[in-house]
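Read through the structure below, which is laid out as structure tokens, and then see the notes.
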Amino acid sequence: MKKENEKEGGVIESQTSSAPLSIYYTDSGPLDSVQYTLRFLAKIGGGEERLILMDTGSTGIVVPCSAIANYSTCEKVYPQLPAPHYSSSGAHYDGEWIYTSFELRDHQGNHIKIEKIPVFAVKEKIGEDVSQVSMMGVGIHSKVYGETYNPFLNLPQMLQRDYSQAYIITRSHVSFGFSEAVRESFNHFSFPLNCETAMATTTLLPPKGGQFPAFKQTTPLLIDTGIAYMIVTPKKKAAQPSHDFVDAKTQHLIDGTQVKVTLTDNKKTPFHYTFTVSNKLEAVDPRYVRFAIPSTHGFINTGRHILTEYDYLVDFEQYLIGLKPVA
């Protein structure tokens with residue numbers, strides 16, 4: 001039976017069911033691919049179906065005005081929040097936040113429909129083609145864009161409390177409405193609201209034969225499915241030198257560097273994964289590892305390759321993330 005619920009002044013159409021739901025990516029291409037991975041089929045405002053990239057490094061749906069069939073009649077979000085900015089690529093778009101409908105489906109017939117959600121409508125600029133902009137931000141790391149802007153937290157089943165506000169991201173699909181037993185099968189890491197992320201320790205060991213010291217720091221963690229590389233941002237006052245690990249021309253970590261990322265879960269158990277830079281026999285090895293400009297607190301952005309070895313849980317009711325080795 002269909003139910004209705006109020007959200008941001010709008011009526012949500014429900015496909016009410018307490019049965020779990022999984023929705024699959026349109027392809028299973030290599031994670032190195034920038035164009036053909038972790039994408040769904042989407043309709044925004046009744047427009048033509050298009051591919052949209054799932055991005056856990058941002059929050060909010062971002063598409064061109066031309067992709068939104070009812071754009072001219074859409075209600076504007078007030079007050080307007082800042083335009084999305086993607087720090088890893090530097091991309092920044094002009095446009096406005098509007099309310100419209102959002103649909104997501106896969107080739108297996110699984111379907112999600114949200115009748116009203118904020119969407120950033122990107123405006124065309126002279127000399128700039130924005131027709132391919134198509135992002136669906138479902139991340140946890142935004143103080144500006146709250147849960148209202150994350151489509152994965154606005155499923156009708158969640159608004160009606162049939163599902164908890166949680167989802168699992170895997171290499172092939174995203175799952176909702178799973179059991180408590182499934183949630184408990186993950187290692188859990190809290191993300192306190194004041195910092196909005198878990199913490200991780202990044203250790204760099206020199207290539208075999210290297211005579212320089214290891215580099216180690218503990219910083220906020222971001223698991224970002226929007227990029228195919230890793231970013232290590234050192235603290236401004238890093239205790240160890242880091243320049244020996246970096247190619248001066250590319251600012252990438254040199255081949256053979258051993259990378260270890262360690263988290264401590266809520267049961268005080270260390271949890272880590274490792275890889276060697278440019279060892280393509282290791283699926284978790286990203287396209288490259290960029291060493292960024294130092295910041296006050298530092299940062300580690302894993303990129304999407306972590307999904308080759310681990311499923312990723314996001315739980316907004318318990319305020320935790322989880323990792324579990326792929327079965």
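Worth a mention:
- Residue match in segment 199-212 (condition: at pLDDT below 90, open to solvent by less than 10 Å² (accessible area, probe 1.4 Å) and farther than 30 Å from I44 by Cα): no
- Hey, Y163 open to solvent by less than 50 Å² (accessible area, probe 1.4 Å), hydroxyl-bearing (S, T, Y), in a loop (DSSP other than H, G, I, E, B) and touching a Phe, Trp or Tyr at 6+ places or on another chain (Cβ under 8 Å) or not: yes
- For segment 273-301, the set of residues classified as crowded, with 17+ Cβ neighbours inside 10 Å and within 19 Å of H173 (Cα to Cα) consists of V284 only.
- Extreme residue, nearest to the chain's Cα centre (by Cα), among residues of segment 76-92 that are surrounded by fewer than 20 Cβ atoms within 10 Å (Cβ to Cβ) and under 12 Å from A121 (Cβ atoms): A83
- Under the condition of being part of a strand (DSSP E or B) and open to solvent by 10 Å² or more (accessible area, probe 1.4 Å), the residues counted in segment 254-272 number 7.
- Flag if G29 is surrounded by 16 or more Cβ atoms within 10 Å (Cβ to Cβ), at pLDDT below 95 and within 30 Å of Y229 (Cα to Cα): no
- Residue selection: Y319 satisfies the criterion of being on the phi > 0 side of the Ramachandran plot and under 17 Å from the mean Cα position of the chain (by Cα).
- Hits in segment 226-263 - residues which are among the hydroxyl-bearing types (S, T, Y) and modelled with pLDDT under 90: S242
- Among the residues examined, V246 does not qualify as surrounded by 21 or more Cβ atoms within 10 Å (Cβ to Cβ), closer than 24 Å to K208 by Cβ and among the β-branched types (V, I, T).
- Here segment 124-144 is the region considered, the condition is being part of a loop (DSSP other than H, G, I, E, B), open to solvent by less than 30 Å² (accessible area, probe 1.4 Å) and farther than 18 Å from I68 by Cβ, and the residue that is modelled with the lowest pLDDT is S142.
- Of the residues making up segment 293-327, those that are at pLDDT below 90, out of contact with any Pro (no Cβ under 6 Å at 6 or more places or on another chain) and assigned to a loop (DSSP other than H, G, I, E, B) number 8.
The values are calculated or read from the model by the stated rules, or taken from the named source; none is laboratory data. Just so it is clear, the structure is predicted and the values come from calculations on it, not from any experiment. Here the Cβ is made from the backbone with ideal geometry for all residues, glycine too, and neighbour counts use every protein chain on show. Areas reflect the complete protein model, heavy atoms only, side chains present, ligands, DNA and RNA absent. Shrake-Rupley method; radii C 1.70, N 1.55, O 1.52, S 1.80 Å.
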